[in-house]
Amino acid sequence: MHGRLKVRSTQEQEERKRLEREKKLKAYKFAMSECLTRIKNKDYDQVGLKISEELLAANPDIQTLWNFRKNIIESFEKSLNDDDLIKQFTSEMNLTEICLKKNPKSYGTWYHRQWCLLRSNSKNFGEKTQQLNWKNELGLCSMFLDLDERNFHCWRHRFFVVRHGNLSKKDELEFTYEKISSNFSNYSSWHYRSKLIEELYYQNLIDNDIFEKELNLIENAIFTDPNDQSAWIYQKWFLLEHQQSFIKELILDCSSKKLSFKFAKDFDLNQNLKFVKLNNLDLKLEENFKWNFEGDIWNGNLNNIINREDVDKLLRNLYEFKETKIKVEIMLNDGGFSNQILLDLNFESNLYEFKSKFQIHDLKLDSEILNKHLTNILELNQFEKETSKWCLLKSIELMCLIDYVKYKDKIFYFLDKLASDIDSFRKNYYLDLKQKLIANNQ
Amino acid sequence: MQSNQKELLIQKHVDFIVNYGKTHDQYEYEMSDYLRMSGLYWSVTFLDLVKSLDKLNKSEIVDYLKRNQHENGGFSPCDGHDPHLLYSLSAVQIAITYNVLNEINSEKLIEYISNLQQEDGSFSGDCWGEIDTRFSFCAVAALSLLNALDRINIEKAVTFVLSCMNFDGGFGCLPGTESHAGQIYCCVGFLSILNRLHMINVDLLGWWLAERQLPSGGLNGRPEKLQDVCYSWWVISSLKIIGKLEWINIEKLREYIISCQDDETGGFSDRPGNMPDPFHTLFAFAGLSLIKAFPDALKEVNPVFCMPQYVIDRVKVKPQLL
Ligand SMILES: [Zn+2]
């Protein structure tokens with residue numbers, strides 16, 4: 001039971017309510033037992049549809065009744081002609097819409113709608129009938145998102161419709177832009193945007209200046225309301241991806257025990273690697289351990305490490321349990337934070353692989369954009385008189401990303417401020433972060 | 001109407017749960033029969049945590065369990081309804097708590113659950129094909145309690161759940177969907193049971209979860225949403241599993257949970273001043289137990305299964321905790 005205010009009522013009101021409920025309950029029980037008998041006897045006909053419709057309109061969460069209707073429709077599919085079937089599917093769409101208006105968070109109702117859409121479109125009914133058409137269904141999604149723009153059931157339905165209807169992702173990206181522009185405090189839209197950008201970028205369907213554009217959008221949002229979390233968390237995604245994109249490729253070959261990196265910038269891994277961990281296991285490199293630079297790839301032989309036995313055991317387990325992912329954590333000299341990357345098993349090559357989602361095309365321009373973003377946030381921070389938690393925290397993250405050594409004092413000053421004063425609820429998070437920064441950058 | 005004092009009215013809450021559905025809330029109770037098995041799990045677990053399990057009639061409950069196991073092995077929420085993974089987990093949790101696993105047909109149940117695994121490793125909630133990471137949790141939680149994890153394809157199950165991981169370190173119900181504290185609890189619990197917590201970016205997820213705490217001390221389930229007692233549980237149990245419970249203000253959380261106590265009727269609501277119900281009552285107490293707020297009055301709770309720790313110890317299940 002969510003968000004139901006407890007109200008005081010007079011004895012008379014109570015009594016009236018009681019009688020009314022007694023009546024409703026009696027009707028409910030009678031209709032329900034009628035349905036359950038029909039379910040038991042596999043009586044799949046119009047009468048069952050009629051009784052269950054009334055029950056569901058009053059209480060859309062009764063999963064068993066949705067199942068009952070699915071069974072009836074499946075039996076109709078064997079006997080009815082297409083026109084009558086279309087009528088039936090259309091009436092399911094009407095009923096689920098009524099039910100969703102009553103409870104927009106009813107799992108069973110949303111799923112019944114999806115089941116009907118899939119089922120009817122497998123017979124291409126969506127081409128003949130507006131109400132069963134994928135594109136038309138986006139209208140329903142938009143309507144329910146207008147009522148509650150954070151309804152995750154409806155967002156989920158939207159993904160489903162876009163996927164199965166094969167609808168344009170670019171249009172969806174534009175939709176998230178409209179949503180965000182009308183209200184920046186819409187984490188659901190930001191989230192969706194992150195997924196769409198990844199996918200469209202991968203298919204070469206968005207321009208390379210996406211990095212700059214998104215930072216502008218984020219700045220618009222945070223300058224409008226610096227205390228709203230939504231855009232700040234999205235910014236975290238963006239910067240994490242950005243940080244990761246310096247690692248173009250990462251490959252673990254379990255059989256030859258070789259770990260390989262390909263970077264987006266020139267630097268000497270032998271000079272710049274602080275640590276590397278496989279599934280949280282720290283690789284203790286031998287004193288004379290060398291990363292070999294071959295072509296544009298850095299290769300390391302995992303036989304030349306001190307805790308070789310632990311690593312062997314880990315690799316054996318990966319193989320034995322056919323684990324499809326491994327986490328590599330790598331800490332480089334140039335930033336405050338480590339990278340945590342999940343590698344996927346490539347079943348054909350039998351290698352664990354990672355390729356960065358984004359590519360950095362112009363390192364100089366890239367660093368200018370990042371520095372400008374930091375300047376803007378530091379300005380906002382000044383404007384807020386250093387009392388905005390998010391400005392402080394995000395400046396810290398940016399400074400770590402850009403030049404930890406240069407900004408070290410300021411980073412620690414901000415962290416202490418957050419821990420002791422601005423955001424003391426999460427004091428221990430900031431203290432741990434400080435410890436981690438110190439340990440990572442020794 | 002609501003209490004701001006720090007006193008916890010345990011006896012009142014016990015009465016609220018034991019009498020739920022018998023008095024003025026009969027309507028709510030009867031109209032929610034479609035989730036009765038879970039309701040039973042909330043009541044049983046709550047009463048065990050507050051050392052009052054003897055207030056329920058065990059043999060009636062055992063009969064109820066038996067009556068609701070279907071031929072295919074799955075459990076329905078109540079008489080005549082269809083079986084579903086959600087109620088099958090609730091049924092196993094009740095049977096394990098009462099130590100009466102021998103009263104149900106475990107082998108059939110194991111078969112039912114493992115048959116719901118799909119080609120991509122995900123689990124369907126029932127024979128109608130709805131997929132959700134909640135169901136992945138239900139399946140492995142139930143199978144681990146039944147000591148039958150070897151009956152599913154674990155690697156595929158893990159791969160599917162990890163495909164629902166998001167940039168904020170959290171998890172959604174399906175690949176691509178938004179992170180949500182309830183879903184995070186399911187996925188973190190799932191990885192804990194299968195010993196795969198190392199796949200999680202603990203710093204990132206722990207931070208996102210800690211950001212759920214609002215000035216009231218209560219926690220929400222997603223950014224910019226309202227606080228709620230049940231979300232407090234989903235968030236803090238996840239934090240506990242990944243070893244970052246100290247990243248929030250425990251004292252403030254304790255105050256918030258207690259402010260949701262209804263000291264007239266007993267029971268807890270989602271927010272102060274709302275209607276209490278058994279669901280929020282269990283998660284309020286599970287939360288209080290997890291943060292060790294009333295260690296003398298409450299038994300220890302297991303963060304993964306939301307069951308008393310002694311029960312989990314008895315069946316020798318050891319979910320991973322960081
Ligand atoms: Zn709640």
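The values are calculated or read from the model by the stated rules, or taken from the named source; none is laboratory data. Since this is a predicted model, take the numbers as computed values, not measurements. Glycine also receives a Cβ, built like all others from the backbone with ideal geometry; neighbour counts cover every protein chain displayed. Heavy atoms of the whole protein, side chains included, go into the accessibility calculation; ligands, DNA and RNA do not. Shrake-Rupley method; radii C 1.70, N 1.55, O 1.52, S 1.80 Å.
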Check your understanding: Using a 1.4 angstrom probe with every protein chain in place, what is the largest-first accessible-area order of A:66, A:115?
Key -> A:115, A:66
Review point. Just by accessible area at a 1.4 angstrom probe, what is the order of B:304, A:405 from largest to smallest?
Key: A:405, B:304
Revision key, fill the gap. For chain A, the longest principal axis of the Cα atoms and the Cα long axis of helix A:308-320 enclose an angle in degrees, to the nearest 10, of 30
Practice item. Between beta-carbons, use under 11 Å as the cut-off and find the net charge around residue B:249, counting Lys and Arg +1, Asp and Glu -1. Key: 0
Review point. Using Cα atoms only, what is the angle between the long axis of helix A:229-244 and the major principal axis of chain A, expressed in degrees (0 to 90) to the nearest 10?
Key: 50
Study note, to complete from the structure: From the Cα centre of segment B:16-41 to that of segment A:28-88, the distance in Å is 26
Point to revise | Cα radius of gyration and Dmax for chain B (Å) | key: 18.6, 53
Check your understanding: At the nearest 100 Å², what buried accessible area, both sides summed, do you get for A and B when the probe is 1.4 Å?
Key -> 6600
Point to revise | Between helix A:82-102 and chain A: long-axis angle, C-alpha atoms, 0 to 90°, nearest 10 | key: 70
Review point. Long-range amide H contacts for residue A:248: which residues qualify at under 5 Å (H placed 1.01 Å from N, peptide plane, sequence gap of 5 or more or a different chain)?
Key: A:262, A:263, A:264
Revision key, fill the gap. For segment A:180-187, Karplus-derived ³J(HN,Hα) couplings (6.51, -1.76, 1.60; θ = phi - 60°; whole Hz; x for glycine and proline) come out as 5, 5, 7, 7, 5, 7, 9, 4
Review point. Taking the Cβ-Cβ separation of residue A:203 and residue A:310 as r and a Förster radius of 41 Å, what is the calculated FRET efficiency to the nearest 0.05?
Key: 0.50
Check your understanding: Which value, in Å² and to the nearest 10, is the accessible area of residue A:164 when all protein chains are kept and the probe is 1.4 Å?
Key -> 70
**Study point:** Förster radius 41 Å - calculated FRET efficiency between residue A:1 and residue A:362, Cβ distance, rounded to 0.05
**Key:** 0.15
Revision key, fill the gap. Taking only protein heavy atoms and a 1.4 Å probe, the highest-to-lowest accessible-area order of A:308, A:8, A:158 is A:8, A:308, A:158
Point to revise | residue A:371 paired with residue A:182, simple spin-label distance in nm, labels 7 Å along Cα-to-beta-carbon | key: 4.1
Point to revise | In Hz, Karplus ³J(HN,Hα) per residue of segment A:54-70 (6.51, -1.76, 1.60; θ = phi - 60°; x = Gly, Pro) | key: 5, 5, 5, 4, 7, 9, x, 8, 7, 3, 4, 6, 5, 4, 4, 5, 4
Practice item. Within a 10 angstrom radius of each residue's Cβ in A:57-66, how many Cβ atoms of other chains show up on average? Whole number is fine. Key: 4
Check your understanding: Once phi is turned into θ = phi - 60°, what whole-Hz ³J(HN,Hα) does the Karplus curve with 6.51, -1.76 and 1.60 give for every residue of segment B:146-153, x standing for Gly and Pro?
Key -> 8, 6, 9, 5, 6, 8, 10, 7
Exercise for review: Could you work out the local net charge near residue A:161, counting Lys and Arg as +1, Asp and Glu as -1, over the other residues with Cβ closer than 13 Å to its Cβ?
Suggested key: +3
Review point. Roughly what would the spin-label model give for residue A:384 and residue A:13, points 7 Å off Cα along C-beta, in nm?
Key: 4.3
Review point. Around residue A:260, what is the net charge, scoring Lys/Arg as +1 and Asp/Glu as -1 over all other residues with Cβ under 13 Å from its Cβ?
Key: 0
Study note, to complete from the structure: Rounded to whole angstrom, the alpha-carbon centroid of segment A:319-361 lies from that of segment A:281-300 at a distance of 16
Check your understanding: Relative to the present Cα-Cα distance, how much length would full extension add between residue A:98 and residue A:249 at 0.36 nm per residue of separation?
Key -> 49.3 nm
Exercise for review: Would you mind getting the Kirkwood hydrodynamic radius of segment B:98-185 from its Cα pairs, rounded to one decimal in Å?
Suggested key: 13.6
**Study point:** Built amide H within the under 5 Å cut-off of residue A:274, gap 5+
**Key:** A:331, A:332, A:333
Check your understanding: Got a sec? Which residues of segment B:224-250 lose 50 Å² or more of accessible surface with every protein chain in place, vs. that chain alone, 1.4 Å probe?
Key -> B:224, B:247
Check your understanding: Can you give the average number of partner chain beta-carbon atoms within 10 Å of each beta-carbon in peptide A:422-429, as a whole number?
Key -> 6
Revision key, fill the gap. Output ordering of A:238-247, A:10-19, A:208-217, B:186-195 (per-residue mean of other Cβ within 10 Å, highest first) is B:186-195, A:238-247, A:208-217, A:10-19
Point to revise | segment A:247-355, accessible surface, carbon-and-sulfur percent (1.4 angstrom probe) | key: 44
Check your understanding: Taking H as built 1.01 Å from N, whose amide H comes closer than 5 Å to the amide H of residue B:302, not counting residues under 5 places away?
Key -> B:307, B:309
